[in-house]
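Here's the structure, in structure tokens; my notes come after.
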Amino acid sequence: MSNSALRIFVYGTLRRACSTGAHQRFLSAAQFIAPARLQAELYRVGYYPAVSLSCTHSWVQGEVYELPSAEALALLDDYEECSATPSPDDEYKRERVQVEHADGEREWVWTYVYQRSTAALPLIASGDFLADIAS
């Protein structure tokens, strides 16, 4: 697996400033690459967020990390309750998406995309989960 295959965009409880402890548990050995954004919409699902790729005019704020191993990616799949082979019953599926860094550079990385309907979920208009939970 190449290094780019081990990069992941996180936008919710896995971000380093989130107080859930998930970042420390799952990404403490990962290398922080940069803040980034993803063209998508962000919704609130209880104490955690969900990304929907159906929107092309909103941005979701997050961070890109390089994982130390394929095993670390598999542990994240378990945390996100995402099967290695996507199932319609999974809440999320891991997908390759293109993110944009602050300097305009774009790269393809993994992220977790919500597979269920967002119709009844509140939209996080700012696209920033951390700002939403702080308010």
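The values are calculated or read from the model by the stated rules, or taken from the named source; none is laboratory data. Not measured: the values here are computed from a predicted model. Ideal geometry is used to build each Cβ from the backbone, glycine not excepted, and the neighbour counts take in all protein chains shown.
Listed by first and then second residue, the pairs with beta-carbon distance under 9 Å, at least 6 apart or on different chains, first residue in segment 68-89 and closer than 14 Å to TRP110 by Cβ, second of a type in the set (D, E, K, R) and part of a loop (DSSP other than H, G, I, E, B), are GLU80/ASP90; GLU80/GLU91; CYS82/ASP90; CYS82/GLU91.
Of all the numbered requirements in (1) more than 17 Å from ARG37 (Cα to Cα); (2) over 16 Å from the mean Cα position of the chain (by Cα); (3) surrounded by fewer than 18 Cβ atoms within 10 Å (Cβ to Cβ), GLN115 misses one, and that requirement is (2). Could you please let me know if THR20 is surrounded by fewer than 22 Cβ atoms within 10 Å (Cβ to Cβ), of a type in the set (Ser, Thr, Tyr), under 24 Å from GLN115 (Cβ atoms) and modelled with pLDDT of 90 or more? So THR20 does not fit the description; no. Answer yes if at least one residue in segment 102-116 is assigned to a strand (DSSP E or B), of a type in the set (Asp, Glu) and at pLDDT 95 or above, and no otherwise. The answer is yes; a qualifying residue exists.
Contact map, segment 1-12: first residue more than 10 Å from TYR112 (Cα to Cα), second residue assigned to a loop (DSSP other than H, G, I, E, B) and modelled with pLDDT of 95 or more, Cβ cut-off under 7 Å, separation 6 or more or different chains; pairs are LEU6/LEU67.
Residues of segment 24-55 that are part of a helix (DSSP H, G or I) and in contact with a strand residue (DSSP E or B) (Cβ under 8 Å, 6 or more places away or on another chain): LEU27 alone. Working carefully through the options GLU63, GLU81, GLU71, find the one that is at pLDDT 95 or above and of a type in the set (D, E, K, R). Just one listed residue meets the conditions, GLU63.
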